[in-house]
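The block underneath contains the structure these notes are about, expressed in structure tokens.
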Amino acid sequence: MENENKAGIARNYGRYSFTIKKSIVIVLAVVTILACGWLILSLMDSLDIPSNKNDQFASEQKWRVDQRTDMDSCEKQIIKNQIDLKRVNERQISGRAFQTQILALFMIVLQLILIVFVVWIGRKSYSSQKTY
């Protein structure tokens with residue numbers, strides 16, 4: 001009788017220990033999902049989505065600089081180079097932001113798979129055990 005009690009307590013302790021570990025894994029996965037979601041949303045402003053429109057705007061700025069008569073050709077060329085450099089920087093920032101968002105989305109998918117796997121394993125392992 002005493003051995004059966006000890007076996008039951010040990011089995012319950014293992015079940016509760018697994019449940020606590022499972023809860024910790026799920027909480028950490030949810031925190032990771034929330035952090036990645038925040039990262040994706042915060043980088044939305046850095047994306048250069050209407051790139052053709054922004055390129056056209058840069059071309060119009062350079063045309064306006066060419067039309068000015070109060071500057072010499074060197075000043076005009078410096079301003080046009082600054083416009084081009086700013087455009088290149090915006091494209092690079094947009095590319096990095098997009099890559100970071102793709103990585104964050106990949107992490108979210110992995111965490112969702114982990115959550116499903118942990119929940120499925122927990123149900124499978126204890127439902128197949130025999131109780132005496």
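The values are calculated or read from the model by the stated rules, or taken from the named source; none is laboratory data. Everything numeric here is computed off the predicted structure, so don't read it as measured data. Note that each Cβ is placed from the backbone with ideal geometry, even for glycine, and that neighbours are counted across all protein chains shown.
Here's the yes/no breakdown for (1) surrounded by 15 or more Cβ atoms within 10 Å (Cβ to Cβ); (2) at pLDDT 95 or above; (3) in a helix (DSSP H, G or I):
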residue: VAL30; (1), (2), (3): no, yes, yes
residue: PHE57; (1), (2), (3): no, no, yes
residue: GLU60; (1), (2), (3): no, no, yes
residue: GLU75; (1), (2), (3): no, no, yes
residue: ASN89; (1), (2), (3): no, no, yes
residue: GLN99; (1), (2), (3): no, yes, yes
residue: VAL118; (1), (2), (3): yes, no, yes
- Residue list for the stretch 101-116, filter: surrounded by 13 or more Cβ atoms within 10 Å (Cβ to Cβ) and closer than 16 Å to ILE49 by Cβ: GLN101
- Among residues of the stretch 15-51, those that are over 11 Å from the mean Cα position of the chain (by Cα) and aromatic (Phe, Trp, Tyr), counted: 2
- Of the conditions (1) under 20 Å from GLN92 (Cβ atoms); (2) modelled with pLDDT under 90, ARG68 fails just one. Which one is it? (1)
